[in-house]
Amino acid sequence: MAKVHPNITTELANWIGDQPMFFMASAPLAEDSHINLSPRGLDSFRILNEHETIILDLTGSGNETAAHLAQNGRLTIMFCAFSGAPQILRLYGQGRVIRPGDENWSEFRSHFANERPGVRQIFHQQVNRVQTSCGFGVPLMELESQRDLLTNWASRRGEDGIQEYQQDKNATSIDGLPAPGLSAK
């Protein structure tokens, strides 16, 4: 049974902190475009207060979330328990992209480890609905470890290589929407 909460409570925040991964969903407005659902890990999620979250976004193969947020701001975050008591938690809200040099960049960036290579941007979410549900259908699984492939890839490319990759591969969504702060070559 789904339950709506007035905000991110201390209990829910503690539960979120125990989850090794989460999913982000965003979508453009056009009916014939693609919904994006992206799994995340690598300790990239923080709760600022009972109605605000931030996600450290590393350079990856696409940049759908940034393009969708620039168009309409809709962002849903979902956590689910793969161990312990079953539960699913969704954070619905409006998001915006914070790029290096933007207002709030230094403040938000300080919530994450400095040595992480390949940082592209931060997603800032204003949460307007917090909902839990049973999670009875989510399998029980054990976490072996976080993967280090993405951070190793970014380290090998170096800062200049990452910037080139972002311009080449991350400037637009698969539907052709522009991503903030990047322009296609």
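The values are calculated or read from the model by the stated rules, or taken from the named source; none is laboratory data. Since this is a predicted model, take the numbers as computed values, not measurements. Cβ atoms come from the backbone with ideal geometry, glycine included; neighbour counts cover every protein chain shown.
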For this session: Evaluate the range 98-111: report whether one residue or more is in contact with a Ser or Thr (Cβ under 8 Å, 6 or more places away or on another chain) and of a type in the set (A, V, I, L, M).
Result: no
Seminar exercise, completed: With criteria (1) aliphatic (A, V, I, L, M); (2) assigned to a loop (DSSP other than H, G, I, E, B); (3) crowded, with 18+ Cβ neighbours inside 10 Å, Ala113 comes up short on (3)
Exercise. Out of all the residues in the range 126-181, which are assigned to a helix (DSSP H, G or I), under 27 Å from Ile35 (Cα atoms) and of a type outside the set (Phe, Trp, Tyr)?
Worked result: Leu149, Leu150, Thr151, Ala154, Ile162, Gln163, Glu164, Gln166, Gln167, Asp168, Lys169
Exercise. Got a number for residues in the range 138-185 being within 28 Å of Ile88 (Cα to Cα) and among the basic types (Lys, Arg)?
Worked result: 1
Seminar exercise, completed: In the range 8-43, anything in contact with a strand residue (DSSP E or B) (Cβ under 8 Å, 6 or more places away or on another chain), part of a loop (DSSP other than H, G, I, E, B) and within 16 Å of Thr76 (Cβ to Cβ) is listed as Ile8, Gln19, Met21, Ala27, Ile35
For this session: Give the number of residues within the range 142-185 that are within 21 Å of Glu64 (Cα to Cα) and without any contact (Cβ under 8 Å) to a residue 12 or more places away in the chain.
Result: 5
For this session: Working carefully through the options Ala85, Ala154, find the one that is over 25 Å from Pro28 (Cα atoms) and loosely packed, with under 11 Cβ neighbours inside 10 Å.
Result: Ala85
Problem set entry | Filter result for the condition that a residue is acidic (Asp, Glu), within 19 Å of the chain's Cα centre (by Cα) and surrounded by fewer than 17 Cβ atoms within 10 Å (Cβ to Cβ), over Asp160, Asp148 | Asp148
For this session: Identify the single condition in (1) surrounded by fewer than 16 Cβ atoms within 10 Å (Cβ to Cβ); (2) at pLDDT below 95 that Ser106 does not satisfy, given that it satisfies every other one.
Result: (2)
Seminar exercise, completed: Within the range 51-66, residues being within 21 Å of Ile174 (Cβ to Cβ) and in contact with a Gly (Cβ under 9 Å, 6 or more places away or on another chain) number 6
For this session: List every residue pair whose Cβ atoms sit under 7 Å apart, with the two residues 6 or more apart in sequence or on different chains, where the first one lies in the range 1-28 and is within 15 Å of Arg40 (Cβ to Cβ) and the second, anywhere, is surrounded by 13 or more Cβ atoms within 10 Å (Cβ to Cβ) and β-branched (Val, Ile, Thr).
Result: Ile16/Ile47; Phe22/Ile77; Met24/Ile55; Met24/Thr65; Met24/Ile77; Ala25/Thr76; Ser26/Thr65
For this session: Go through the residues of the range 44-65 one by one and say whether even a single one is modelled with pLDDT of 95 or more, in a loop (DSSP other than H, G, I, E, B) and among the β-branched types (Val, Ile, Thr).
Result: yes
Seminar exercise, completed: By residue number, the members of the range 89-103 that are under 26 Å from Ser133 (Cα atoms), buried (at least 17 other Cβ atoms within 10 Å of the Cβ) and in contact with a Lys or Arg (Cβ under 9 Å, 6 or more places away or on another chain) are Arg90, Leu91, Tyr92, Gly93, Gly95
For this session: Among the residues of the range 1-41, write down those that are surrounded by 14 or more Cβ atoms within 10 Å (Cβ to Cβ) and in contact with a helix residue (DSSP H, G or I) (Cβ under 7 Å, 6 or more places away or on another chain).
Result: His5, Met24, Ser26, Ala27, Pro28, Asn36, Ser38
